Every structure is written in C-alpha cells, then in structure tokens.
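Working notes for the structure below.
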Amino acid sequence: MKILVTGAAGFIGSKLAYELKRRGDDVVGVDNYNDYYDVRLKEARVREFGLAVRQMDIADKAAVDELFAAEKFDAVVNLAAQAGVRYSILNPYAYAQSNLIGFLNVLEACRSFGVGHLVFASSSSVYGMNAKVPYSEGDKADNPVSLYGATKKSNELMAHAYCKLYGISMTGLRYFTVYGPWGRPDMAPMLFASAISKGEPIKVFNHGDMIRDFTYIDDIVEGTVRCVDHVPEPDENGLRYRVYNIGCSHPVKLMDFIGELEQALGKKAVMEFLPMQPGDVYQTNADTSRLEAEVGYKPQVLLHDGIARFVEWYKSDKNPLK
C-alpha cells in the first residue's frame with residue numbers, strides 16, 4: 001500500500017513509519033518540525049529509523065492538496081497534532097490550527113483524492129470528567145477538561161460526518177499514555193528520568209495520587225498497524241467507522257511508576273508534591289476488548305520491562321537530549 005503518515009517525526013509517527021516501511025509499504029512521511037519540544041529529538045528519530053520525512057504543515061491546505069494529488073495514497077494515518085494537555089491552556093490557538101484546521105484539510109484531501117481509509121489519532125483525554133472506569137468506547141465523552149481533549153473529540157465527530165457524507169472508511173484511535181524510547185520530553189518518563197538522573201526534584205501532581213494506563217510504544221505501533229490493515233465493517237448505520245481505545249489495560253499508580261524508574265536508574269527521586277493541575281484527570285484506564293476482538297490487538301510489554309528498555313535508551317548515546 002501507499003500510505004501517508006503525518007507527524008512522521010513524532011514519537012508514535014516515526015516508529016509507525018519505520019514498521020510500515022520495514023514490511024514493504026510505500027510510506028510518505030510529513031512533519032512540520034515545530035518547536036513545541038527540542039527539534040533535535042525529531043531529527044534523531046528520523047535518522048535512527050532511516051526515514052525521509054518532508055517538512056510540511058497540515059494546516060497549509062494548498063500544500064496538503066498538492067501532496068495528495070501527486071502521491072495518490074491508498075491509506076492515511078494522521079498523527080500530526082499539537083500535543084500536550086497543559087500547553088493547551090497556555091497556547092490554545094496552536095491546537096485550533098493543527099488539530100482542527102489541519103485535520104479538516106486532511107479530511108478534505110481524503111475526499112477529493114479518493115483515499116479509501118483514514119486512521120487518525122484521538123486520545124484518552126476525550127473521556128474528561130468521566131468517572132466510570134475502565135473507559136470503554138460507548139461511554140460518555142462530552143465533558144472534556146482540556147482544550148486538547150475537546151479538539152480530539154471534535155476530530156472524531158468530523159471524521160464521522162465525512163464517513164457518512166462521502167463513504168470514507170474511518171478508524172479513530174484513543175491513545176492512552178504512551179511511553180518508551182524516543183518519547184516526548186514533555187511527558188513524565190523523560191521529565192522524571194532527567195530530574196532523577198541529575199538529583200533534581202520531580203513534580204508529583206495530586207500528591208502522587210494518580211493512576212495512568214501506561215502503554216509501551218511497540219504495543220501502540222503494532223496495534224496501529226493492525227488498524228491500518230483492518231478496514232471497519234459497516235456498523236448498524238452502514239458506516240465503516242470505528243473508534244477504539246488503544247492502551248495496556250493495566251493501570252499503574254503514579255508512585256509505582258516512579259518506583260520503577262528509580263530502580264532502573266539506580267537513584268532515588270527527590271519529590272515535590274503538588275496539587276492537581278488544570279486539565280489533568282485522576283485516572284485513565286482503557287477497556288481494549290473491542291480492539292482485541294475486532295483486530296486481534298494484545299499488548300505484550302509489562303511496565304517493568306518497558307521502563308528498563310526506556311532507561312537503557314535514555315542513558316545511551318542515541319538520546320540527543322541526555
């Protein structure tokens with residue numbers, strides 16, 4: 001297949017593009033290389049995985065249309081987005097530009113240039129204030145606590161409309177806390193590993209009383225590849241549209257996560273306990289039974305092993321931010 005991966009210099013996108021290319025797909029990668037975090041990490045991922053990633057912003061409609069017209073994609077995986085929950089409070093317009101305008105441009109290009117299947121990144125953040133756990137796809141997802149979560153829910157609704165109007169097959173993936181080698185430096189594993197290694201305090205929000213469904217990058221990518229290959233069957237309305245949770249289904253207490261990092265790094269953390277931050281939620285926990293039943297997804301990497309692999313990479317010369 002000829003597949004476009006947007007956000008291909010990102011954490012998930014780079015590994016996904018590598019795996020698709022490795023199995024023989026014709027992969028085109030694009031990324032805007034923005035400076036939300038250190039661009040050296042994006043450039044190092046591209047080098048490590050032997051990718052050719054074009055610099056392009058999906059918010060640029062003319063550039064998106066030109067790319068789709070020239071390449072004639074069979075499938076698209078849209079991972080390009082402004083990420084981060086707390087940053088959406090500081091810079092909301094970045095989220096509207098990338099996650100709404102950019103996604104609309106991708107949808108329009110899929111419609112105009114005959115793309116058969118669009119897989120797109122949603123997020124566990126859509127569940128917002130939902131107190132029922134584990135989260136399942138049929139639960140309410142209309143009370144977000146961050147603009148980031150609101151844009152991701154908007155993506156699901158926009159995709160549903162385009163599926164209904166134009167018959168494009170759509171698969172949305174609600175990613176749960178992804179970690180592993182080459183991860184984003186604004187996320188807890190990198191922030192904590194850096195601070196612990198330097199003997200600096202780590203910020204522990206809600207006084208450590210938080211739970212996250214940490215999911216290793218290889219499991220996330222394997223599940224995403226399965227979804228690229230699996231065009232949804234028509235639902236009760238005749239629409240080829242699915243939204244799936246993609247997580248580990250083994251939620252971990254934040255303090256236990258920190259303990260695993262301490263063990264792997266061989267150093268104790270200095271902790272600064274703080275209240276819950278705006279936009280955060282107490283717990284994430286994925287019910288992945290639908291993804292398991294329909295595409296055969298089954299995460300394999302336990303937290304202890306995943307943290308060990310992450311720390312090995314973090315300490316290595318491959319990490320440009322060490």
Seminar exercise, completed: Mean separation of Cα contacts under 8 Å (at least 6 apart) over the residue count of segment 197-256, i.e. the relative contact order in percent, is 51 percent
Exercise. Hey, with R₀ at 41 Å, roughly what FRET efficiency would residue 276 and residue 239 work out to, going by the Cβ-Cβ distance, to 0.05?
Worked result: 0.60
For this session: Summarise the long-distance tail of P(r) for segment 158-227 by giving the % of C-alpha pairs beyond 21 Å.
Result: 48 percent
Exercise. So if we plug the beta-carbon distance of residue 207 and residue 315 into 1/(1 + (r/R0)^6) with R0 = 45 Å, what FRET efficiency do we get, rounded to 0.05?
Worked result: 0.95
Exercise. Highest mean first, what order results for 195-208, 5-18, 71-84 on Cβ atoms within 10 Å?
Worked result: 5-18, 71-84, 195-208
Exercise. Using alpha-carbon pairs under 8 Å, 6+ residues apart, how would you state the relative contact order of the chain in percent?
Worked result: 18 percent
Exercise. Can you run phi through the Karplus equation (6.51, -1.76, 1.60; θ = phi - 60°) for segment 66-80 and list ³J(HN,Hα) in whole Hz, with x for Gly and Pro?
Worked result: 4, 5, 5, 5, 7, 9, 6, 6, 7, 8, 10, 10, 9, 10, 5
Exercise. Per residue Cα convex hull volume for segment 255-322, in cubic angstrom?
Worked result: 166 Å³
Exercise. Measuring from centroid to centroid over Cα atoms, what is the spacing of segment 193-265 and segment 86-136 in Å?
Worked result: 17 Å
Exercise. Can you pull out the GluC sites (Glu not before Pro) in segment 141-238 that DSSP calls coil and that have at most 14 other Cβ atoms within 10 Å?
Worked result: 236
Problem set entry | Prolate/oblate/rounded label for segment 12-119 (Cα gyration tensor, a/c 1.5) | oblate
Exercise. In terms of Cα to Cα distance under 24 Å, which lysines are near enough to residue 153, apart from those fewer than 8 places away along the same chain?
Worked result: 61, 132, 140, 164
Seminar exercise, completed: If the chain between residue 26 and residue 63 were fully extended at 0.36 nm per residue, the gain over the current Cα-Cα distance would be 11.3 nm
For this session: Report Rg/Rh for segment 186-322, rounded to two decimals, where Rg is the Cα radius of gyration and Rh the Kirkwood radius.
Result: 1.05
Exercise. Binning every alpha carbon pair distance of segment 101-175 at 10 Å from zero, what are the percents per bin?
Worked result: 19, 48, 26, 6, 0
Seminar exercise, completed: Within the under-15-Å Cβ sphere about residue 318, not counting residue 318, Lys/Arg +1 and Asp/Glu -1 give a net charge of +3
Problem set entry | Hits among lysines - C-alpha to C-alpha of residue 318 under 17 Å, sequence gap 8 or more where chains match | 15, 42
Exercise. Is segment 76-141 best put as rounded, prolate or oblate by its Cα gyration tensor, with a ≥ b ≥ c the root eigenvalues, rounded for a/c under 1.5, and otherwise prolate when a/b is larger than b/c, oblate when not?
Worked result: oblate
Problem set entry | Computed over segment 131-275: relative contact order in percent, which uses C-alpha pairs under 8 Å that are six or more apart | 35 percent
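None of the figures in this text is laboratory data; all of them are computed from the coordinates on show. These numbers come from a predicted model, not from an experiment. All Cβ positions, glycine included, derive from the backbone under ideal geometry; neighbour counts span all protein chains shown.
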